[in-house]
Structure formats: structure tokens, C-alpha cells
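Where a number appears in this text, it was derived from the coordinates with a stated rule and is not lab data. As the structure is a computational prediction, the values presented were derived from the model and not from experiment. Glycine gets a Cβ as well: all are built from the backbone with ideal geometry, and neighbour counts include every protein chain shown.
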Amino acid sequence: MTQDSSPTIESVLQEERQFAPPPQLAAEARIGSMAAYQALAARAEADPDGFWGEAARSELHWFAPFDTVLDWSDPPFARWFEGGTTNLSFNCLDRHLDGPRADKTALIWEGEPGDGRSFTYRELHVEVCRAANALKALGVGKGDLVALYMPMVPEAAIAMLACARIGAPHSVVFGGFSAEALRDRLIDGQAKLVITADGGFRKDKAVALKPAVDQALAEGCPSVEHVLVVRRTGEATGFEAGRDVWWHELVDGQSADCPAEPMASEDRLFVLYTSGSTGKPKGVVHTTAGYNLWAHLTFQWIFDIREDDIHWCTADVGWITGHSYIVYGPLSNGATTLMYEGAPRPSKPGAFWEVIEKHRVTIFYTAPTAIRAFMKSGRAVPDRYDMGSLRILGTVGEPINPEAWMWYRDVIGGDRCPVVDTWWQTETGGVMISPLPGATPTKPGSATLPLPGIAADVVDLEGNSVPTGQGGYLAVRRPWPGMMRTVHGDPERFRRSYWEHIRPADGSWLYFAGDGARRDADGYFWVMGRVDDVINVSGHRLGTMEIESALVSHPSVAEAAVVGRPDELKGEGIVAFVTLDVGVEGDAALEAELRRHVGLEIGPIARPDVIRFTDALPKTRSGKIMRRILRSLAAGEDVSGDTSTLEDRSVLDALRV
Ligand code: 6R9
């Protein structure tokens, strides 16, 4: 095969550093050695049904036992644990009430202005039962979709658990989305109820939410009958009699008795929209038992959860990370989970570290975008706080550049804490590829190995594994319990989007995630970014991740985004958008130096043709760099396609000039 027609991706960056799990942590861990991990993975490989069946029986409560583990007779539509009935809210609450966990803290909430609340399992159970009865009072029943458009307040988690309790699927729409984005999702999901708040606090200001709901509904969402409104900021807000109801007026007076509804394993649990890069957002559908098992098991494995852990995931509940690792994974395991309304901001750059110090957080889970932002302003801020309570650090959302990984481990983790780089997606329900902190030696920038039972591979378009070191498509060969079941209202789109890219000759089904990756000689996975972002320079297909990491390894660079632009000679040329550390000025000398630096780190082929210094990069609200937008700018085109998920539109305006 010539280079020109190579369907895979070339890998250019080499990383040699490696860190063993801390011996003490390994000695006490649930999975405390590579041998233990390999034994578990081998059992799952030899008998997947036996492995998942046993896990489901031992880790979840069932009202009625299931008859079959997996029905894969109509691929790609999987059915897991059929015949069984269970309830996610029961698994997260009721089953912890019999013993000492009843009075353990389930949820610690820290508000941005410095207020806070916490709930024991017993208290959270009462709140959820009341909210569930309130939903019933509003006419919501099993199968009715409830949309949440909420700030990061405890009622968001309570409402999710209340929906699960009565079998009403939820659709959480990120509170930062516009009225139009909300409306699209309300209409697509045919929501019957919207739960929202007057507003929330963001960057030291009250930010209103309710007006966006009013606007969305004014433009016509006939399925929505009521709006349940949490009072958070206390600011005046429009109120439509008959339609709008205050949470405190309805929920607080409800009975605290609301038995969890036995749900069939494959009953719809929630819909969560992911923005397709073009076209209308996809409603990813997850169902009851499989999702619960996967959120539960992955949380237990990747954070090696212990009874006294304080777990903090900084995501918003509007993202899958918030669903699985603020709410469902931790509570299903009886852990203590922390939820924070705020974010680091000029008045409080050390906001995160203050929360860690105050609540003695032991597990901290955040995104590379946040880590790079902290690096940009230097270690002086985190160094002011005592973060000795931390024992495990996690990252999710984007490939993490090796230098950001090193900084995280060193500055935040005091060189003591293992870093778990967790690769997964909304569609996968929970983490798929990640180190186990007590077992897996880590390498900066690698998500390491698939979790037990996950048949992940790097393949070509025919589904053949590509050789070690070669880039290819990151795919999964076997169904797993947490996989999405369909696209809401559009099963054909589900098949087309995820199952038709890779076509093995033997007719088997591979799930393709959209990411490129390579494996090294130890079998470790190195995610190279979205394949849509691959750049073809003179027939060499280069992933964006590796060039960006080479740039970020330069001491002056904070963050980099690399895209291709049409080039008559080379097919594509490389354009890099670069933000610099605080206090560094971008000039022609630095541009030349950075080009040289990339040439030395990777090779001349990867040297950017153009470097543009900028103050900020366009990102989604969950912190992912939107290379699609930069690609249009680099090519001198108008930015087209959906920009509704862009976090800050002014970034775009600044880049246009
Ligand atoms: C959980 C979440 C999914 C996409 C995914 C990939 C990127 C997430 C990553 C990662 C490299 C990691 N991604 N984690 N890339 N290393 N550890 O983020 O879900 O919002 O659906 O995004 O995010 O490109 O395909 P979602």
C-alpha cells in the first residue's frame, strides 16, 4: 500500500517516561497488580456472558433476576439482562440505608458564593422521594421524558434520581446552552416537564436560566406541560400561572415515601444529546441495568474507591461525565461525592485547590483544558494550598499532552498520586480505556489499557488490527453493558454513525468511536484525536494531538490547536493556533523557534507552516477545542456548521481579525 492511500494515521511522537503505582496504594487496592488485572481481563475474554452476568448479580440489586445476559441477535441493537427488573435510584440510595452507610455523607455541595449543603444517604433518600412524588403530582409517569436545565445545585442530582425512581427518563441539557439549543432538545425528546432554576452563580455573578426556558417554550414546545423552578439566586423571574411551579412550594410538602419503580433492564433511563459536528444533535439513549452496571463498575475500578474517599469530579451534570461520575457511579457504590457550583475565576484563581483543602478531597477528576489553564498561570497558586489528602487524579475529555500530564502529577499530585487518563464517550456510558491506579504503570499521555471486558482495538477500515506503533481507528469488537442503545427517534442514524465505518469481511460488527489511536509495544493505547481532524501532509496522515503536544512541550506555550489548510504542493499545510504562558509575548522570533522546536521533537514533516498567536482557543462548553472552526478560519472560509456549543463567541471574533 502506498502512503497516499494509507487509510490509517502515522504516529510521530515518542514518550519514554513511565510511573509505577505507589506500592502502598497497590497493596491496599481492589485490583493491586498487573497479574490481577490480566486475570480479570482474561476471564472476561474467555466468557463474556459469565463475567458480565456475575458482575450484574453481585453488584446490583434486582427486584426480579434476569434470564439472559446479552441478546445480540439483531446487531447493532443490544439487549442486556432481559427479564430482570431493577431501579437505579434504589441502587444509589435504598440499598445503602440498612447499615452504617445510611448516616454517611452521600453528597457534599459547595456553592459558588461560599454557601454549602450536604446530605447523608438517609437525607438524600428523603429528598429524592419527595421530588419523585412531586413529579407524579405534575402528571409525570413511567416513560415520560423530563428535561433538566439546571445550574450545579443539589436539586439537579436529586431531580435525576427522582426521575430514575419513577421510571421517567431524563434529558439533562447543559445550563449554558441557548434557548434555541434547549428548544431543539425539548422538541426532539418530546419533554413533558422542564426542571430549571431562576439562575445560578457563575464568575461571581447571578446568571439567569429561567428566561431561556420561557423563550424556548414561547417559540412552541407543545409537549411541555409544566416547569418546575428551583429558587437559587432569588432574582425576580417571569412566572406563568398554571404552567410554572416553584420547587420549594411543591416538593417540600410531599410525602417522603415513594417506593422505587421496578424497571425492566432495557427501559430507557436517559437521553443525552451530543452535538454532531454538523446537523442536528444526536440523542444518545442509555437504558437502565446496563448503564447502571457500567457506571458502577468503572467507578469502582478506576478510582479504586474506598469507604472513606471524598470524590470530586469537576464536570457539569449536563455532560455524561457528570451523570456517570458525579451522580450515578459514586452513589451506586455508596461513596461520598462532591459537587461544586463554581469554577476558578479572577477573584479566586485557587478555587479548586481551596475546595480540595477544605473538604479533604481524596480523588480529583478534571479535564485537560483545566489543567492547561492552570499551567498557564504557574504553580504559585496551587502551591499555596494543602492538597495532601489527594490520592488519585483523573483526567477526561481530550487527549492529555504529556507535559500537562507531568505537571498535573507533579504540581497537583505532589508526585505521589497516580494519574488515570480515562478515554470514553457519551456513547460508551462509562470509561473504556484507563489505568487502574493500583495496577497499571502509567505513561504520560497514554490512556493505557482497556478495562476488563472491553475488546478495544486499533484497526484499519476492514477491521484488521494494525501493527504496533501504527495509527488507525479506535474500535470496540464486542458489546459492553454501558453502550448506548440507539439514537433517540432515529435507529438508522445509530447504525450509520457508529457501525458502518469499519466493515470486516467476516460480517462481524465493530463499534467505531470516531477517534484515531495507536498502540505501543506494551499494548498501551495512545489516542491521537478525532479522525475528522487528521491532516494529510504530502501523503503523511498526521494526528493533531502529537503536533500539539510537541508545541505544548515548549516552555512558553500554554495551549495549541493544530489544523490543516489546503496547500497546492503538499495537499495540506499545517496551521497552529497557540496561546502563550502568562507574561510571554508572541513575535516572529518565537514563531521561528517554535517551528524549529516541533522539527526537533517530531521531524520536519510536522513543522507548522503558519503559527498564529492568540489569547484563547474556541472550545465547547465541556472544554474540547473546536478544530472545525479553526479549520475554516485557516482556510479563509466563513465559519459554517453548528456553533451552538461554543463556550465563548468573543473568542471567534478575536480570531477573525
Ligand atoms: C467523556 C467524554 C468524547 C470524545 C472522545 C475523544 C475525547 C475523551 C479522552 C478523549 C483522549 C481521553 N476524549 N476522553 N480523548 N483521551 N482520555 O468526554 O465524552 O463529551 O462524548 O466526548 O472526547 O475524542 O471521542 P464526550
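In whole angstrom, how far apart do the alpha carbon centroids of region 122-148 and region 305-364 sit? Result: 24 Å between the Cα centres.
For the pair D615 and R649 in one chain, pulling the backbone fully straight at 0.36 nm per residue adds 10.9 nm over the alpha carbon distance. Multiplying the residue separation of E240 and A137 by 0.36 nm and subtracting their alpha-carbon distance yields 35.3 nm. Write out the cysteines belonging to the chain for which the nearest other cysteine Cβ is not under 4.7 Å, or none if no such cysteine exists. Taking the Cβ cut-off of 4.7 Å, the unpaired cysteines of the chain are C92, C163, C221, C313, C417.
Could you compute the FRET efficiency for D308 and L569, with r as their C-beta to C-beta distance and R0 at 60 Å, rounded to 0.05? Walk me through the numbers on the way to the answer.
Values: r = 61 Å, r/R0 = 1.02.
Result of the calculation: an efficiency of 0.45.
Beta bridges from DSSP with both residues in the chain: antiparallel share about 60 percent, rounded to the nearest 5. Estimated from helical segments only, the mean residue ellipticity of the chain at 222 nm is -8000 deg cm²/dmol, where each DSSP H run of four or more residues counts as -39500 (n - 2.57).
Between A46 and Q190, what length comes free when the chain is fully extended (0.36 nm per residue of separation minus the Cα-Cα distance, one decimal in nm)? Mind dumping the intermediate values first?
Numbers: separation 144, 0.36 × 144 = 51.84 nm, distance 4.25 nm.
Computed gain between A46 and Q190 is 47.6 nm.
The C-alpha atoms of the chain define a longest principal axis, and helix 288-302 lies at about 60 degrees to it.
At an R0 of 60 angstrom, the distance between the Cβ atoms of S632 and S255 translates into a FRET efficiency of 0.60. Residues of region 68-94 falling in the label zone of R495, defined by backbone nitrogen less than 14 Å from a point 7 Å along Cα to beta-carbon, are 73-78. Summing charges over neighbours of E427, with a neighbour being any other residue whose Cβ is under 11 Å away from its Cβ, gives +2 when K and R count +1 and D and E count -1.
The label point for D74 and the one for Q14, both projected 7 Å from the Cα toward the Cβ, are 5.2 nm apart.
From the cross-link list K205/K624; K358/K443; K203/K282; K280/K348; K210/K376, which pairs have alpha carbons spaced over 28 Å apart? In this structure, K358/K443; K203/K282; K280/K348; K210/K376 exceed 28 Å between Cα atoms.
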